[in-house]
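The values are calculated or read from the model by the stated rules, or taken from the named source; none is laboratory data. Keep in mind it's a predicted model, so treat the numbers as computed, not measured. A quick note on method: Cβ atoms are made from the backbone with ideal geometry, for glycine too, and the neighbour counts reach across all protein chains shown.
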Amino acid sequence: MNLASVVCLVAALTLQGATAAAQDLPASSPTPGGIAVVDLGPADTAGAVRAFFGERRVMVTDHGGRLFAIVGIALDTEPGTATLLLDHDGQDSEVPFEISDRSYETQHITVANRRQVDPNPDDLERIGTEKKRIDAALRAWSDSAPQLNLLLPVEGRRSSAFGLRRFFNEQPRRPHSGIDIAAASGTPIRAAAAGRIVETGDFFFTGKTVFIDHGQGLVTMYCHMDEIDVAVGEMIARGAIIGAVGSSGRVTGPHLHWSVSLNGAMVDPDLLLDSPDQG
């Protein structure tokens, strides 16, 4: 291991050990595709508190002497009253919170390669196998306290916003689960925060892709890369180069598709950016 690698590793481990309590909490935006910041009451050092939304464990952080749950809300979640289940040293309780509605615009995209819109049977088998790997990576959990203010991975023009209701060749598909940033092929891509590489691969839809586990259910996903410069298991620092922009997978041109997953739910990356005006 060279000196640069050692420095990056030490920085990554230092940042991973930092407490989320030392940072500002994200603004609460309890909508489909948003983040709910739920006040759980005064911090109690006498015992640990775990919180669950549905079947997924969610991040809990001490901020200013109070505990807060940082809850990712999936795009297909219905508005209304939702419930967190708390486990405090074996004692269960519930905390309700409200999810408001949010509307997203539509987007129509023409893809020249029809197989990427209507996959053949062999493609579907591959897609099914890859989906298991992708889902496992997005649901990664480690106890490290993550950085809550993320770095925009690449500079460029925003070409597609989060949450768009998409039509490929006039066929409806799932909403856009990240943001697209147009940039020239070969442009360096940087890690949004310190973390561990939990998966890499060349997938049917997302092309060359990297997944980083930042801790407590916060995972970032970098897609359509030209090259991948990291390996599974590697610890990396915030801002470390993990690869380069490309046009692999289902694309119409070179760009980075960047997604943020929180307790297994894709959320609007702008809600966690260090500066929402980035990009």
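Return a yes/no flag: does the stretch 56-72 have any residue that is under 21 Å from A140 (Cβ atoms), assigned to a loop (DSSP other than H, G, I, E, B) and not assigned by TED's automatic domain parsing to the domain that holds A161. No, the stretch 56-72 has no match at all. For first residues located in the stretch 221-239 and under 17 Å from P269 (Cα atoms), partners that are of a type in the set (S, T, N, Q) and part of a loop (DSSP other than H, G, I, E, B) and lie 6+ apart or on another chain with Cβ distances below 8 Å form the pairs M221/T206; C223/T206; R238/Q147. Can you pull out the residues in the stretch 212-232 that are touching a Phe, Trp or Tyr at 6+ places or on another chain (Cβ under 9 Å), of a type outside the set (A, V, I, L, M) and in a strand (DSSP E or B)? Answer for the stretch 212-232, where residues must be touching a Phe, Trp or Tyr at 6+ places or on another chain (Cβ under 9 Å), of a type outside the set (A, V, I, L, M) and in a strand (DSSP E or B): D213, G215, T220, Y222, C223. When the stretch 193-209 is examined, which residues are found to be of a type in the set (V, I, T) and not in a strand (DSSP E or B)? Correct list: T206 only. Selection within the stretch 97-143: residues that are modelled with pLDDT of 90 or more, of a type in the set (S, T, Y) and over 22 Å from G34 (Cβ atoms). The member of this set that is surrounded by the fewest Cβ atoms within 10 Å (Cβ to Cβ) is T129. Quick check on the stretch 111-131. Is at least one of its residues under 21 Å from L218 (Cα atoms), within 21 Å of the chain's Cα centre (by Cα), assigned by TED's automatic domain parsing to the domain that holds L262 and not acidic (D, E)? Looking for residues that are under 21 Å from L218 (Cα atoms), within 21 Å of the chain's Cα centre (by Cα), assigned by TED's automatic domain parsing to the domain that holds L262 and not acidic (D, E), one finds at least one in the stretch 111-131, hence yes. Sub-8 Å Cβ pairs linking a first residue in the stretch 255-273 that is closer than 15 Å to H214 by Cα and assigned by TED's automatic domain parsing to the domain that holds M221 to a second residue that is basic (K, R) and surrounded by fewer than 21 Cβ atoms within 10 Å (Cβ to Cβ), at least 6 apart or interchain, are S261/R139; N263/R56; N263/R57; G264/R56; G264/R139; A265/R56, ordered by first then second residue. Look at (1) surrounded by 24 or more Cβ atoms within 10 Å (Cβ to Cβ); (2) touching a Phe, Trp or Tyr at 6+ places or on another chain (Cβ under 7 Å) and you find that H257 fails only one, number (2).
Being over 30 Å from D122 (Cβ atoms) and surrounded by fewer than 17 Cβ atoms within 10 Å (Cβ to Cβ) holds for only one residue in P188, P153, and it is P188. The set of residues from the stretch 233-257 being touching a helix residue (DSSP H, G or I) at 6+ places or on another chain (Cβ under 6 Å) and not in a loop (DSSP other than H, G, I, E, B) comprises M235, I236.
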